[in-house]
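Colleague: Okay, handing you the structure first.
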Amino acid sequence: MRAEIKNTLALRSEIHLTRKLWHMGTGLIGLSVYNQLGLEARQMGMFLLILGVVALLVEFARLNFTFINTIVLKFMKPFMRESERNSLSGFPFYALGAAISLLLFSEKIAILSILFLIFSDPISSFFGILYGKDKIITNKSVQGCVAGFLVCYSLTFLYGSYFYKPGIDLLVFSIIAGAIGTISELCSVVVDDNLTIPVLSGLGLTVINLIFPIF
């Protein structure tokens, strides 16, 4: 059983499209539930915080008990990497990152930072793996960063256009936001990007929103 699971887990260097679709799908479902139920940002933040803590407890349990790890790997193998077999997976950080953003920042900025997490992370990884020949640090490439920047820039401009009349202010805000999203993803060499992207992006967006009050 262990050998079979090991052969099916993807490596970080692989495209692992199923994981990327899972990453985007779960995030979009979460935002849809949040919107449809009309929850307050703090309510959703607390729910995700509890979910993240529970997920961490499950992670520690599976890493300390082989039989639990075997069960988790069996059911989650389409979405997990080989590097996560004996280390923490990204899901707890995904929930905690979104939770912290919703609890610390204004609702509009928190949602935008979570959109960065939902789309920028998997898309920049996709292009980085396919075309990332020019490495910056560790597994980060110029090509992946450019893709991430374009995603964050586009998300900001489209999302901002819903609340603010398009103009030079929104354009400049979107460019800076794209850079912030890219930098927050690069910081994942120290902390999981599921945590750094929404939290650092939310912080950066809050600061530039003081100068260009878009949200």
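The values are calculated or read from the model by the stated rules, or taken from the named source; none is laboratory data. This structure is a prediction, so every number in the text was calculated from the model and none was measured. Don't worry about glycine lacking a Cβ; one is built from the backbone with ideal geometry, like all the others, and counts go over all protein chains shown. Calculation scope for accessible area: heavy atoms of the full protein, side chains included, ligands and nucleic acids excluded. Shrake-Rupley method; radii C 1.70, N 1.55, O 1.52, S 1.80 Å.
Colleague: What accessible area per residue comes out for the chain, rounded to a whole number of Å², with a 1.4 Å probe? Walk me through the numbers on the way to the answer.
Modeller: Numbers: 11270 Å² over 215 residues.
Spelled out: the 1.4 Å probe surface of the chain, per residue, equals 52 Å².
Colleague: Determine the gain in length on full extension of the stretch Tyr131-Val191; use 0.36 nm per residue of separation and subtract their C-alpha separation, reporting nm with one decimal. Don't skip to the end; give the middle numbers.
Modeller: Working: separation 60, 0.36 × 60 = 21.60 nm, distance 2.41 nm.
Computed gain between Tyr131 and Val191 is 19.2 nm.
Colleague: When the convex hull of the Cα atoms of the range 113-182 is projected onto a plane and the area is averaged over all directions, what value comes out in nm²?
Modeller: Details: hull surface 18.2 nm².
Mean projected area for the range 113-182: 4.6 nm², to one decimal.
Colleague: If you don't mind, there's one more thing I want to ask. Normalized C-alpha radius of gyration of the range 7-83, against 2.2 N^0.38 Å?
Modeller: Details: Rg = 15.1 Å, N = 77, 2.2 N^0.38 = 11.5 Å.
This ratio for the range 7-83 stands at 1.32.
Colleague: Report the paramagnetic label zone for Asp169: residues of the range 198-212 whose backbone N is under 14 Å from a point 7 Å from Cα along the Cα-to-Cβ axis.
Modeller: What the label zone holds, given the 14 Å backbone N cut-off, is 208-212.
Colleague: Pop out the carbon and sulfur fraction of the accessible area of the chain as a percent, whole number, probe 1.4 Å. Provide the component values of the computation, followed by the final result.
Modeller: Details: 7890 of 11270 Å².
That fraction is 70 percent.
Colleague: Relative to 2.2 N^0.38 Å, what does the C-alpha radius of gyration of the chain come to as a ratio? Two decimals please. Don't skip to the answer; put the middle values down first.
Modeller: Details: Rg = 17.7 Å, N = 215, 2.2 N^0.38 = 16.9 Å.
The reported ratio for this selection is 1.04.
Colleague: Okay, moving on. Cβ under 14 Å from Ile208's Cβ, Ile208 left aside: what net charge do those residues give with Lys, Arg +1 and Asp, Glu -1?
Modeller: Once all neighbours under 14 Å are counted, the net charge is 0.
Colleague: Now for a separate question. May I have the count of lysine pairs in the chain with C-alpha atoms under 16 Å apart, counting pairs 8 or more residues apart or located on different chains? List each step's numbers first, then the result.
Modeller: On the way: Lys6/Lys74; Lys6/Lys77; Lys20/Lys77; Lys108/Lys165.
Number of lysine pairs found: 4.
Colleague: With the calculation restricted to Cα positions, what are the radius of gyration and Dmax of the range 22-67 in angstrom?
Modeller: Looking at the range 22-67, its Cα Rg and Dmax stand at 13.7, 41 Å.
Colleague: Report Rg/Rh for the range 99-215, rounded to two decimals, where Rg is the Cα radius of gyration and Rh the Kirkwood radius.
Modeller: Taking Rh as the inverse mean 1/r over Cα pairs, Rg/Rh reads 0.97.
Colleague: Give me the distance in nm between label points sitting 7 Å out from Cα along the Cα-to-Cβ direction at Ser106 and Met24, one decimal.
Modeller: It works out to 2.9 nm between the two label points.
Colleague: Here is a further query. What list of whole percents do you get for P(r) of the range 44-112, with Cα-Cα distances grouped in 10 Å bins up to the one holding the largest distance?
Modeller: Reading upward from the zero bin: 21, 43, 24, 11, 1.
Colleague: Counting helices only, and only those DSSP H runs with n ≥ 4, report the 222 nm mean residue ellipticity of the chain as the sum of -39,500 (n - 2.57) divided by its residues, in deg cm²/dmol to the nearest 500.
Modeller: Details: 10 runs with 157 residues, N = 215.
One gets -24000 deg cm²/dmol as the mean residue ellipticity at 222 nm.
Colleague: With a bin width of 10 angstrom, please list the P(r) values of the range 42-160 as percents of all Cα-Cα pairs, from the 0 bin to the one holding the largest distance.
Modeller: Calculated P(r), rounded to whole percents: 13, 31, 34, 20, 2.
Colleague: Run through all the Cα pairs of the range 105-152 and give the fraction in each 5 Å bin from 0, expressed as whole percent.
Modeller: 5, 26, 25, 18, 12, 9, 5, 1
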